[in-house]
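What follows is a set of notes on a single structure, which appears directly below.
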Amino acid sequence: MIKYRNHTLLLLIPVLVAGLSCQRAHSEQQTNIHVPDSLNADTDTVIVDKIVEKTEDTTSIPLDLEYIMGRFDPSKHPDFVIIADQYADKKGMYLRKDTYKAFIAMYEHAKKDGVNLQIRSATRNFYSQKSIWEAKWSGTRTIEGGENLSVTTPDPKERALKILRYSSMPGSSRHHWGTDIDLNNLENDWFNEGEGLTMYNWLKKHASEYGFCQVYSAGRPYGYFEERWHWSYTPVSAKLTAYAKAHLKNEMIDGFLGSESAPMIDIVKHYVLGINEDCNH
């Protein structure tokens, strides 16, 4: 249910709906990216109490907490597009159109330099992340080393911290935003030699030219372990990070098994905001 702050906002809804429809049509024309039929319908609801900014290619940035926490379906969101098979290791993944456009440009440059970039993971909304988290929380899916947390770790804070080594808590993941991608391999060691090292060196040199930044770098005081595969499109994600810093609270991270642990570990400060400072610009 949408809550309105005052009655005057009721008069603004038709204007906002028309504006968003025009904005979406203009965005699709400018990005020149094929949009599947599932994205042709307007959004089911209009979030009135939100700020909308514009990227250079006219895709809107919805700064609201439902978006930040991934409580939407990217397949039905007008700013998202499905990733073509040639860029990914599996079908059915989505990205924001602006992020996708930037990735394709980076992909083509890398290809000319003999580097093949492949997306392993892209947008995961709240419900997708909840499935991963709850499987690990309940022990139906073991974590690294085959550990069943429901048996080994009864304390909710410690259990959450073990999952957070490599999996995000639902509502706190940057993968909710459609700005973040995992590339090629999900093991840091792979990037130490051979093809992996060549790719990582290329990304460190060129990714920033296309707006991408390694958010989970080495040497941060807290947060996720280093992830050499995880890159974020900062022209959008830096704005979303700033919004999360101003508005997202630990108590809002709920609706899944183990959510009581979010305030215990200060999930917003230590994980949502615990990123490479270079990615905040």
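Structure above, values below:
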read-out: Meets criteria (surrounded by fewer than 23 Cβ atoms within 10 Å (Cβ to Cβ) and more than 24 Å from Pro235 (Cβ to Cβ)) for Leu117; value: no
read-out: Selection within the stretch 87-104 - touching a residue at least 40 places away in the same chain (Cβ under 8 Å), in a helix (DSSP H, G or I) and under 21 Å from Arg228 (Cβ atoms); value: Thr99, Ala102, Phe103
read-out: Answer residue from the stretch 130-178, given it is part of a helix (DSSP H, G or I) and of a type in the set (Phe, Trp, Tyr) and is nearest to Met93 (Cα to Cα) among those; value: Trp177
read-out: Restricting the stretch 244-261 to residues that are assigned to a helix (DSSP H, G or I) and closer than 14 Å to Gly274 by Cβ, the residue that is farthest from the chain's Cα centre (by Cα); value: Asn250
read-out: In the stretch 179-210, the residues that are under 25 Å from His281 (Cβ atoms), of a type outside the set (A, V, I, L, M, F, W, C) and either in contact with a Cys (Cβ under 9 Å, 6 or more places away or on another chain) or not in a helix (DSSP H, G or I) (or both); value: Thr179, Asp180, Asp182
read-out: Options Ala135, Ala160; residue that is small (Gly, Ala, Ser), at pLDDT 95 or above, closer than 23 Å to Tyr216 by Cα and surrounded by 14 or more Cβ atoms within 10 Å (Cβ to Cβ); value: Ala160
read-out: Matching residues, the stretch 105-125, being charged (D, E, K, R) and either assigned to a helix (DSSP H, G or I) or touching a helix residue (DSSP H, G or I) at 6+ places or on another chain (Cβ under 7 Å) (or both); value: Glu108, Lys111, Lys112, Asp113, Arg124
read-out: Members of the stretch 184-199 that are of a type outside the set (S, T, N, Q) and surrounded by fewer than 23 Cβ atoms within 10 Å (Cβ to Cβ); value: Leu186, Glu187, Asp189, Trp190, Phe191, Glu193, Gly194, Glu195, Gly196, Leu197
read-out: Residue match in the stretch 144-153 (condition: more than 29 Å from Gln86 (Cα to Cα) and surrounded by 23 or more Cβ atoms within 10 Å (Cβ to Cβ)); value: no
read-out: Selection count where residues are surrounded by 16 or more Cβ atoms within 10 Å (Cβ to Cβ), acidic (Asp, Glu) and over 25 Å from Ser168 (Cβ atoms), scope the stretch 89-114; value: 0
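Yes or no, residue by residue, for (1) at pLDDT 95 or above; (2) under 19 Å from the mean Cα position of the chain (by Cα); (3) closer than 22 Å to Tyr107 by Cα:
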site	(1), (2), (3)
Asp180	yes, yes, yes
Phe191	yes, no, yes
Tyr216	yes, yes, yes
Phe225	no, yes, no
Trp231	yes, yes, yes
Ser237	yes, yes, yes
Met264	yes, no, no
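For (1) of a type in the set (Lys, Arg); (2) over 19 Å from Pro62 (Cα atoms); (3) out of contact with any helix residue (DSSP H, G or I) (no Cβ under 9 Å at 6 or more places or on another chain), each residue gets a yes or a no:
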position	(1), (2), (3)
Ser208	no, yes, no
Gly219	no, yes, yes
Tyr222	no, yes, no
Trp229	no, yes, no
Val236	no, no, no
Lys239	yes, no, yes
Leu257	no, yes, no
Ile265	no, yes, no
Val272	no, no, no
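The values are calculated or read from the model by the stated rules, or taken from the named source; none is laboratory data. None of the values given here were measured: they were computed from a predicted structure. Positions of Cβ are generated from backbone atoms using ideal geometry, with glycine treated the same way; all protein chains shown enter the neighbour counts.
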